[in-house]
Amino acid sequence: MRQTHYRACHLCEAICGLLIETEDARVVSIKGDPDDPLSRGHICPKAIALRDIHEDPDRLRRPVKKVRDGDAVRWEEISWQEALDTTAERLLAIYREHGVDAIGIYMGNPTVHNYGMMTHQNNLFRFFRTKNRFSATSVDQLPHHLASLWLFGHKSLFPIPDIDRTDYFLMLGANPVASNGSIWTVPDVRRRIKDLTARGGRLVVIDPRRTETAQLASEHHFIRPGSDALFLAALLNTLFDEKLADPRQLAPFVDGLDTVAAALAPFTAEAVADATGIAAATTRGIARDFAAAGAAICYGRMGVSTQAFGAVCQWLIQVINIATGNLDRPGGSLFTLPAMDQVSNIGPGGFNRHRSRVRGLPEFDRELPAAVMAEEITTPGEGRVRALFTGAGNPVLSTPNGRALDEAFEQLEFMVSLDPYLNETTRHADIILPPTSPLEHDHYDIGFHINAIRNTARYSEPVFDKPEGSLHDWEIFTALGERVAAALGEEPRKPMAPHEMVDLGLQFGPYGRDSEHRLDLATLKANPSGVDLGPLKPQLPERLFTANKRIDCAVPLPLADLERLRGELAGAGDGGLRLIGRRHVRDNNSWMHNYHRLVKGRDRCTLLVHPADLDRHGLKDGDSARLASRTGELTVTVEASDSVMPGVVSLPHGYGHDRDGVRLGTARAKAGVSCNDITDDRWLDALSGNAAVNGVPVTLAAAS
Ligand SMILES: Nc1nc2c(c(=O)[nH]1)N[C@H]1C(S)=C(S)[C@@H](COP(=O)(O)OP(=O)(O)OC[C@H]3O[C@@H](n4cnc5c(=O)[nH]c(N)nc54)[C@H](O)[C@@H]3O)O[C@H]1N2
Ligand SMILES: Nc1nc2c(c(=O)[nH]1)N[C@H]1C(S)=C(S)[C@@H](COP(=O)(O)OP(=O)(O)OC[C@H]3O[C@@H](n4cnc5c(=O)[nH]c(N)nc54)[C@H](O)[C@@H]3O)O[C@H]1N2
Ligand code: SF4
Ligand SMILES: [Mo]
C-alpha cells in the first residue's frame, strides 16, 4: 500500500518538514513539505539518507555482547533480557564497590535530536549522579550556554538571529550554507541570505576560510584563528569610543556597560590589527555600519566557540547586540517563545560547582569537559571512572586527542553503548544496545523550536511500526532504570511515554489551554505539517530569567579573562600553522559516512593548504604529507586552496573509520583520517573548559 507520511528531519538543527512516501515496508521517496511553516519545502541532500539509515545492513537490530577468544574479539547477538540485566548489574556492582563517580557517562549530539532520549535519560541517570558526566557540549556550544546564563539568567535562552528582517548581519565562525545553521534553526538559509542581500542588506563574514557562506556574503574578512575575542573587543571598544553605542529600548534594564567600556580600553582597533590580521579601518568601518543599521545582528558559532577564548567571544557578541539595542529587536536577535517551553521547564544551569578530579577543570550543568575524560579513566585513585555509558556519541572521533581516549577505553572494567552502530567508540563496549531506527519512532523537536527563527510546532508520527523485539531509546532507558530501581528496592514508577509529556508540555505551555490557541498533541496530529505561531516578538524584560529581570553586562568571569586576552595583543604569534575544521553539507559529524549517496564522489577528507604554504613546505597539490601536533601525527593528502588564509590549514572532523572491529562497510572504504587524533586535550578555553578544536598549532612536512 502507498502512503504519504509527514515527518520532521531530525538530522540537523534546521528540522525540515518532509513528505515521505512509502510502499508497504519500503521508502519510495523523500521530499520537502511545502506546507511546513518553518522550512517551506526546503531539504538538503542528507534528508534522503533517512532511508539509507533505515535500510543500512550495518545498523544493529539486536543487542550484542563482546566475546573474547584469546586475542580475537567477536560479537554475539543476545536477548534484550540478557543485555538489560547484565548492563544494570554491572553498573550497579561498580557503583556499589567504588562509589557513584566510578560511573562515567558520555552523551553525544544526536541525543538532542531524539526527544525520547531527552525526556527519558533520567529514568536511568537519576540513580547515577556522578561527577563524571560528559557530553558533546564541551566540544561545541558550552560558551553559548555560559553567555546566556551570565547575561540572561538561563543556559538555554539564546538570542536568535532574525535574518528575514535584518539590515546588517555580522557572522563569525559559522558556515550555515554547509551546516544549515546552528543555535539558529533556519531552514533554507541560502535563500534567506540571498533575500537579505537582494533587499539591500549586508552580510559580513569573518572566517579564516572563504566558506560557502562567505561566497554569498557582501564582505568576507580573513581572521587569524583564535583571535576573534580581540576583534570583538575592538569592535565594541570602537562603538563606545566613537559614541555609537546606544542600547535604545533596552536601556531601562541594562547595567554595566560603562564597566565593560572601561575594561576594553586597551583593545583598540589599532592595537588588535596585527594579531587578528584585520586592518583597524576595517574594524572601525564594521562598527560604524553595525551602529548605523536600522537592525543588525552579531552572531558567532562553532568557530568562535571552540577556540581558546570561546566564552569571552560569546559574551562580547551578546554585549555588542545589547549595546546597540539590537537584542530583542525585530531584525536583530530575539528570544523565541516555543510551544513546549523547555527553557521554562528546566533549571537555569550552573557553572563551576565542582571540578574534575585530575586537572581541576570546572563543571557546567553538572557535566565536566570532555577533554578530561581519558585522564579520569586512566589516573588511579578514588573517583576514577571504571564503567562508562555512552549514548548517541562517538567521542573517539569527536573529542580532542581522541587517540588517547581510544586507548583509555581499554582500561574500563565495563562499557555499554546505546547506539545503532559498531563504530570507533562502541567497539570498546562490552554491550551495545541498538535503538529503533529514526523512522520507527515518533518525533517532536523539544530542542530546536527553542532556537528557531519563527515560532512553530510540529509532531511526527512514526513512519513504520516498530519491529517486534526492538526498543526505542527511551524504552531502553526506562527498562534499565526499572532494573536499577528494583535492585535498590525502590517502588516502580508508572512510565509516561515521551508524546504524553509533550502533550502536557503543550497544554501548559504559552499556546496551551490558557491561550486562544489551545494547543495540545491532538491539534498537532490534526496539522501534521506543523502549526504556525508567528514571527519572533520582543519579550524583554519579562522573558529574562535573572532574579531582578535586568541584564548586567559586567560579568565578572569574562571581564577577568580580558587580562589573559591582553597577552594575545603581543602580535601575530609564532608564524606557525594553525589547524581549523570544516563541514560539508553531505557530512554529519562522524556518523553519516556509511551511506553511499552521501560519500560518493571525490575524497573530502583532505587538508586545505594555501599555495604559499605548500611552496614553503616543498609540497604540491595532491601530495601526501605529515601533519603533526603535540599529541600525534597524521598522514594527509594536501589540497592547494587560496580559500584558506596563509598560515591556516583545514581538515574536516569525523573521519578515520579504518580501525579494528569497526563495522561500517561503506565508511571504511573511504576511511580518511581523524583530525581529533592531533587536536589537543590541553588546548582549551581556560575559562569555560571548552575544547579548542580550532586554532590548534600544527606542523606540516612531506611524508617520508
Ligand atoms: N552538513 C553538516 N551539517 C552540520 C554538521 C555537520 O557535521 N555537517 N554538524 C552539526 C553540528 S553538531 C553543529 S555544532 C553545527 C555547526 O555549525 P556551524 O558553526 O555553522 O558550522 P562550521 O562549519 O563548523 O562553521 C565553523 C566556521 O568557523 C570557522 N573557523 C574556524 N576557526 C575559526 C576562528 O578562529 N575564527 C573564526 N571567525 N572562524 C573560525 C571555520 O572555517 C568554519 O567556517 O553544524 C551542524 N550541521
Ligand atoms: N575537530 C573537531 N571536532 C569536533 C567538531 C569540529 O568541528 N571539529 N565538532 C564538534 C561538535 S559541534 C559536535 S556536536 C561533536 C559531536 O560529537 P558526538 O556526538 O560524540 O559524535 P557524533 O559523530 O555526532 O556521533 C553520534 C553517535 O550517535 C549515534 N546515533 C545516531 N543517531 C542515534 C540515535 O537516534 N540514538 C542513538 N542511541 N544513537 C544514535 C551514531 O551511531 C554515533 O555513534 O563533535 C565535535 N567534535
Ligand atoms: S537541512 Fe538538516 S533538517 Fe533539513 S533536510 Fe538537511 S539534514 Fe535534514
Ligand atoms: Mo555540534
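The values are calculated or read from the model by the stated rules, or taken from the named source; none is laboratory data. What you see is a predicted model, and the numbers here were worked out from it, not measured in a lab. With ideal geometry, Cβ positions are generated from the backbone for all residues, glycine too; neighbour counts draw on all protein chains shown. These accessible areas exclude ligands, DNA and RNA; they are computed on the full protein's heavy atoms, side chains included. Shrake-Rupley method; radii C 1.70, N 1.55, O 1.52, S 1.80 Å.
Over the C-alpha atoms of the stretch 537-631, the Rg to Rh ratio, Rh being the Kirkwood estimate, stands at 1.17. The GluC sites (Glu not before Pro) of the stretch 466-554 meeting both criteria, a DSSP state outside H, G, I, E and B (loop) and at most 10 other C-beta atoms within 10 angstrom of the site's C-beta, are Glu468, Glu516, Glu542. The calculated FRET efficiency for the pair Ala198 and Ala281, based on their C-beta separation and a Förster distance of 35 Å, comes to about 0.80.
Which of the residue pairs Lys65/Lys131; Lys155/Lys494; Lys131/Lys525 have a Cα-Cα distance greater than 32 Å in the structure shown? Flagged as over cut-off: Lys131/Lys525. What the Kirkwood sum gives for the chain is a hydrodynamic radius of 26.0 Å, with every pair of different alpha carbons counted. Maximal additional length on extending the Gln3-Phe253 stretch stands at 84.6 nm, based on 0.36 nm per residue less the C-alpha distance.
Given +1 at the Cβ of Lys and Arg, -1 at the Cβ of Asp and Glu and no other charges, the dipole of the chain around its Cα centre is 680 debye to the nearest 20. The magnitude of the dipole of the stretch 574-702, with charges of +1 and -1 set on the Cβ of Lys/Arg and Asp/Glu and taken from the Cα centre, is near 580 debye.
Which trypsin sites (Lys or Arg not before Pro) does the stretch 585-675 hold that lie in a coil by DSSP with at most 11 other beta carbons within 10 Å? Passing sites in the stretch 585-675 are Lys600, Arg602.
For Phe169, the residues whose modelled amide H falls within less than 5 Å of its own, excluding neighbours fewer than 5 places apart on the same chain, are Arg202, Leu203, Val204, Ile297. Residue by residue, the stretch 693-700 carries 3J(HN,Hα) couplings of 6, 10, x, 5, x, 9, 10, 10 Hz when phi is fed to the Karplus relation 6.51 cos²θ - 1.76 cosθ + 1.60 (θ = phi - 60°); x denotes Gly or Pro.
Across the stretch 672-687, computed HN-Hα scalar couplings (Karplus, 6.51 cos²θ - 1.76 cosθ + 1.60, θ = phi - 60°) run x, 10, 9, 5, 6, 5, 10, 6, 10, 5, 9, 9, 10, 7, 4, 6 Hz from first to last residue, x flagging Gly and Pro. The DSSP beta bridges internal to the stretch 563-645 are antiparallel in roughly 60% of cases.
Neighbours of Arg513, meaning other residues whose beta-carbon lies under 12 angstrom from its beta-carbon, give a summed charge of -3 when Lys and Arg score +1 and Asp and Glu score -1. Simple rule: put +1 on each Lys or Arg Cβ and -1 on each Asp or Glu Cβ in the chain, find the dipole, and look at His42, Thr119, Ile678; the Cα lying farthest toward the positive end is His42. Of all DSSP-defined beta bridges confined to the chain, some 55% are antiparallel rather than parallel. Ranking Ala88, Ala102, Leu151 by how far each Cα lies toward the positive end of the dipole of the stretch 72-216 (charges on Cβ) leaves Leu151 at the top. Ellipticity at 222 nm from helices only: DSSP H runs of n ≥ 4 in the chain, each -39500 (n - 2.57), divided by the residue count, give -7500 deg cm²/dmol. For Glu89, the shell of other residues with beta-carbons less than 12 Å away shows a net charge of 0, using +1 for Lys and Arg and -1 for Asp and Glu. Taking 0.36 nm per residue of separation and subtracting the current Cα-Cα distance, fully stretching the chain between Thr699 and Glu77 would add 219.4 nm. If you roll a 1.4 angstrom probe over the protein chains with everything in place, what fraction of the accessible area of the stretch 574-702 belongs to carbon and sulfur, to the nearest %? Roughly 50 percent of what the probe reaches on the stretch 574-702 is carbon or sulfur. Once both labels are positioned 7 Å from their Cα atoms along Cα-to-Cβ, the gap between Glu242 and Glu219 label points is 0.9 nm.
Here's how it looks for Leu433: its modeled amide H is under 5 Å from those of Ser417, Leu418, Asp419, which are all 5 or more places away or on a different chain.
For the chain, the relative contact order is 20 percent, taking Cα pairs closer than 8 Å that sit 6 or more residues apart in sequence and dividing their mean separation by the residue count. Here the dipole of the stretch 534-624 is about 620 debye; that uses its Cα centre as origin and unit charges on the Cβ of Lys and Arg (positive) and Asp and Glu (negative). Under the rule a/c < 1.5 gives rounded, and otherwise a/b versus b/c splits prolate from oblate, where does the stretch 574-702 land using the Cα gyration tensor? Oblate, since a/c reaches 1.5 and b/c is not below a/b. Inter-part distance, the stretch 132-162 to the stretch 314-356, computed on C-alpha centroids, equals 8 Å. On the basis of the beta-carbon distance and an R0 of 25 Å, Thr635 and Glu55 show a calculated FRET efficiency of 0.15.
Each of Gly601, Gly576, Ser629 was placed along the dipole of the stretch 574-702 (beta-carbon charges, centred on the mean Cα), and the one lying farthest toward the positive end is Gly601. Net length available on complete extension from Glu468 to Ser515 is 12.8 nm, with 0.36 nm assigned per residue and the Cα-Cα distance removed. A 1.4 Å probe run over the protein chains yields, for the chain, 36 Å² of accessible area per residue, whole-number rounding. Taking amide H atoms as placed 1.01 Å from N in the peptide plane, the amide H of His220 lies under 5 Å from those of Val205, each 5 or more residues away in sequence or on another chain. For the residue pairs Lys31/Lys670; Lys600/Lys620; Lys46/Lys600, the alpha carbons lie more than 18 Å apart in Lys31/Lys670; Lys600/Lys620.
Summing Lys and Arg as +1 and Asp and Glu as -1 over all other residues whose Cβ lies under 15 Å from the Cβ of His610 gives a net charge of 0. Separation of the stretch 32-85 from the stretch 500-570 is 32 Å, based on Cα centroids.
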